[in-house]
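To start, the structure under review is shown below, and the notes come after it.
The values are calculated or read from the model by the stated rules, or taken from the named source; none is laboratory data. All values reported here derive from a predicted model rather than from experimental measurement. All Cβ positions, even for glycine, are placed from backbone atoms using ideal geometry, and neighbour counts span all protein chains on display. All accessible areas refer to the heavy atoms of the entire protein, side chains included, with ligands and DNA or RNA removed. Shrake-Rupley method; radii C 1.70, N 1.55, O 1.52, S 1.80 Å.
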Amino acid sequence: MRTKLLWILLPIAIFIYLISTTLFCIDETEIGLVCQFGRPVRVITEPGLKLKLPAPIQTKILFDKRVLIYDPTPSEFLTSDKQNIVIDVYVCWRITDPLRFFQTMGNRRGAELRLEDLVKAEVGAALGNCPLFTLVSHKEGEMDLGKIMAEITKRSDQRAIEHYGIKILDVRIKRLNFPGENMPSVFARMWAERERIATRYRSEGQEEAAKIRAEAEKQKQIILSEAYRKAEGLKGAGDAEATRIYAQAFKRDPEFYEFIRTLQSYDKFLDEKTTIILPGDSKLLQLLEKGPPEVSHEKE
Amino acid sequence: MKKSKLTQVLEDLKVNLNHLTLLLKVILLSIAVIWLLSGIYVVQSDEAGIVRRFGSVVRESILPGMHYHLPWPIERVNKPKVRTIRRMMIGYKQNETTNETESDSAIIQRLTGDINIINLTILLQYSIKKASDYLFQTEKPEDLVCNAAQTAITEILGRMTVEEALTVGKLKIQILIRELAQKSLDNYRTGIQILAADL
């Protein structure tokens, strides 16, 4: 019974094994390399169900066909005008020649190591030829980062295709910045510039303020003198009017006028300290000697 | 002699198969049925279906509804959500519970054209425009979106003065980020469409 069972299971097992090692799938995202006794014989780029001789006669190796990203840590480079900058790039690449790739790079990890060297070298070379203002500048026509990146991409790609069987689609600079040690000086410069601008605004403002004040002062003088002129004019007119009214009033009774005026002049020159010497018949003394004149009651 | 041994083996095989209990047959049959039924799948209204047979795409842009595909390992289906608008925050993370934002200073510090430093964070909105590209052309399409956007910012800000960037240039920056990043993404065939970039 046992051997009978063995006779059934063994061929089934062998059959399954053969199937699993002869038929294989290439996924949409994969590219396949078939090796015969270790020697590469076939490259398969189209996805689907494929056939090969069973292992260990032929073996398959699968590679990723997709666009792969390599994102190294940022590193420092020197521009042509001796500025230190930190650059963070990312690389888009794909395997185009799996045979070549397998021979030179082996696997993904090996590829990334080689890419690191290659890309760093190309970026360093490109930047060493450019002054800082081609990377960062607000003036027209100076900054040309796009062109620099395209240049790096092209040169990296040429080297990669030649040696490694991969195509570098893009090397792009994600970020560029000054290294940490330079930051304080950059910030200090920024601060100084802001200060400078602020001071300029303030002095401009003060200039304006002075102008406005001077103008106001001038206006004030004009208004005041105008007012003074008017006031004097009104005063003068008022005085004239008062005098006219007085004259009219006194014209009605000249004697009363004389009486009042005499009293007023007494008030002015007669006081304790002054000694006045006048001739006896002076009109001025008449009031003191004779008293107020008769008042006629009809006059009104 | 050999031939008779082979026929002997085959006869024994037949006899043994008949001896298999009914229960075993039922079990095997139900496994086969379940296996066949596993090919039924539903595409939701915000998804699109793609079927690969032995790895190669045979049907794409499958409309919502119930469909059938030959079960694994013959065919398999992917159903990416193509209608949803996804968000990506560049330079900051949002804490789920407190809803605060923390920024990553390494990413957000940027140089302007007049060698000043400003901090910039972006909120990107994007959706999948071509599912087969999104799934099979690039390794990590979301990473590419992030990287392309960052490159765009570097390029754009490197041309502006700091005053421009902080005041009148904001709209220009947002439009340019979309343009430049989209160009890169289409170049790599990520199948992603950037809808908006807000600062």
Inset, instruction - Report the relative contact order of segment A:1-129, percent, no decimals, based on alpha-carbon pairs under 8 angstrom and at least 6 residues apart. - result: 19
Inset, instruction - Could you state the angle between the C-alpha long axis of helix B:141-157 and the longest principal axis of the C-alpha atoms of chain B, as a value from 0 to 90 degrees rounded to the nearest 10? - result: 10
Legend entry - Two-site label geometry, A:Leu10 and B:Val33: point separation in nm, points 7 Å out along Cα→Cβ: 3.7
Inset, instruction - Using the charge dipole of segment B:120-199 (Lys, Arg: +1 at Cβ; Asp, Glu: -1 at Cβ; taken about the Cα centre), state which of B:Thr161, B:Cys146, B:Tyr126 has its Cα farthest towards the positive end. - result: B:Tyr126
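Within chain B, what whole-number % of the accessible surface is contributed by carbon and sulfur, with the 1.4 Å probe and all protein chains included in the calculation?
60
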Inset, instruction - Among the lysines, select those whose C-alpha is under 24 Å from the C-alpha of A:Lys218, and discard any that sit fewer than 8 residues away in the same chain. - result: A:Lys230
Inset, instruction - Would you list, by chain and number, the lysines whose Cα falls below 24 Å from the Cα of A:Lys251, excluding same-chain residues fewer than 8 positions away? - result: A:Lys235, A:Lys268, A:Lys283, A:Lys290, A:Lys299
Inset, instruction - Summarise the accessible area of segment A:1-89 (1.4 Å probe, protein heavy atoms) by the percent that is carbon and sulfur. - result: 66
Inset, instruction - Grab the DSSP H runs of the protein assembly as shown that are 4 residues or longer, score each as -39,500 (n - 2.57), total them, divide by all residues and round the 222 nm result to the nearest 500 deg cm²/dmol. - result: -17000 deg cm²/dmol
Legend entry - FRET efficiency, 1/(1 + (r/R0)^6) with R0 51 Å, evaluated for A:Ala209 and A:Arg109 via beta carbons: 0.15
Legend entry - Built amide H within the under 5 Å cut-off of B:Val82, gap 5+: B:Glu47, B:Ala48
Legend entry - Volume per residue of the C-alpha convex hull in chain B, rounded to whole Å³: 213
Legend entry - Cα-Cα pairs of chain A separated by more than 24 Å (percent): 77
Inset, instruction - Using the structure shown, list the pairs from A:Lys147/B:Lys170; B:Lys140/B:Lys183; A:Lys4/B:Lys14; A:Lys52/B:Lys140 with a Cα-Cα distance above 20 Å, or answer none. - result: A:Lys147/B:Lys170; A:Lys52/B:Lys140
Legend entry - ³J(HN,Hα) computed for each position of segment B:124-130 - Karplus, 6.51 cos²θ - 1.76 cosθ + 1.60, integer Hz, glycine/proline x: 9, 10, 8, 9, 7, 9, 9
Inset, instruction - Using a 1.4 angstrom probe on heavy atoms only, work out the carbon and sulfur share of the accessible area of segment A:164-280 in %. - result: 60
Inset, instruction - Specify the angular offset, from 0 to 90 degrees and rounded to the nearest 10, of the alpha carbon long axis of helix A:254-269 from the longest principal axis of the alpha carbons in chain A. - result: 70
Legend entry - Cβ neighbours within 10 Å from other chains - mean over A:142-149: 3
Inset, instruction - Go through segment B:105-130 and flag every residue whose accessible area shrinks by 50 Å² or more with all protein chains in place compared to the isolated chain (probe 1.4 Å). - result: B:Gln109, B:Leu111, B:Ile115, B:Asn116, B:Ile117
Legend entry - From the C-alpha gyration tensor of segment A:1-158, square roots of 5λ in Å: 52, 14, 13
Inset, instruction - Would you tell me the mean number of C-beta atoms belonging to other protein chains that fall within 10 Å of each C-beta in A:65-72, as a whole number? - result: 5
Inset, instruction - Please report the buried accessible area for the interface of B with A, total over both chains, probe 1.4 Å, in Å² to the nearest 100. - result: 4000
Inset, instruction - At 1.4 Å probe size, with no ligands or nucleic acids counted, give the accessible surface of B:Tyr68 in Å², nearest ten. - result: 100
Legend entry - Projected-area mean, segment B:100-183, by convex hull of Cα positions, square nanometres: 6.5
Inset, instruction - Taking H placed 1.01 Å from N in the peptide plane, check which residues at least 5 places from A:Asp170 or on another chain put their amide H under 5 Å from its amide H. - result: A:Cys92
Inset, instruction - Distance check, please: which entries in A:Lys50/B:Lys129; A:Lys60/B:Lys79; A:Lys82/A:Lys120 exceed 20 angstrom between their Cα atoms? - result: A:Lys50/B:Lys129; A:Lys60/B:Lys79
Legend entry - Rg followed by Dmax, in Å, when segment A:147-207 is reduced to its Cα trace: 22.4, 70
Legend entry - 5 angstrom amide H check on B:Val58, placed H, neighbours 5+ away: B:Val51, B:Arg52, B:Arg53
